[in-house]
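For reference, the structure discussed in these notes is given below.
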Amino acid sequence: MLEDMITILKYEYHISPGQYFEVDTPWVKDISEVKTIIIDQDNVFTKMVNIYPGGFVMFLEQFPTHSIYRTNYPLELKENSDVYHIVFDKTIQSETLKG
């Protein structure tokens with residue numbers, strides 16, 4: 001199941017150390033709704049998956065020199081902000097945000 005989720009992650013974002021990266025998830029009412037799976041972790045490396053309600057998935061690979069985020073939906077930087085929002089198609093967005 002985890003392999004199936006990771007293969008749908010078509011969008012990739014490279015983040016430099018110290019660079020701010022936040023994804024706006026207004027439909028998540030409680031952080032406990034987000035499922036986190038740590039695949040591998042030590043003092044310099046992390047690999048983990050976050051599964052959000054509504055079908056958004058984000059995979060993180062964190063290295064000392066950079067981080068890579070992979071998602072199943074594209075992200076877009078909000079205007080005049082350093083926060084990203086998820087670009088759902090209209091059908092999925094309306095269903096997800098209702099839930």
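Read-outs: derived from the displayed coordinates by stated rules, not from any lab. Predicted model only: the values in this text are computed from it and were never measured. Don't worry about glycine lacking a Cβ; one is built from the backbone with ideal geometry, like all the others, and counts go over all protein chains shown.
Among 36-49, 65-78, sorting by the average number of other beta carbon atoms lying within 10 angstrom of each residue, highest first, gives 65-78, 36-49. Residues whose amide H falls under 5 Å from that of residue 39, counting only those 5 or more places apart or on a different chain, are 47, 48, 49, with hydrogens built in the peptide plane. Multiplying each eigenvalue of the alpha-carbon gyration tensor of the range 1-86 by 5 and taking the square root yields semi-axes of 19, 18, 13 Å, largest first, rounded to whole angstroms.
Each residue, residue 34 and residue 63, gets one label point 7 Å from its Cα in the Cβ direction; the gap between the two is 2.4 nm. About its Cα centre, the range 1-82 has a charge dipole of approximately 80 debye under the convention of +1 per Lys or Arg Cβ and -1 per Asp or Glu Cβ, with nothing else charged.
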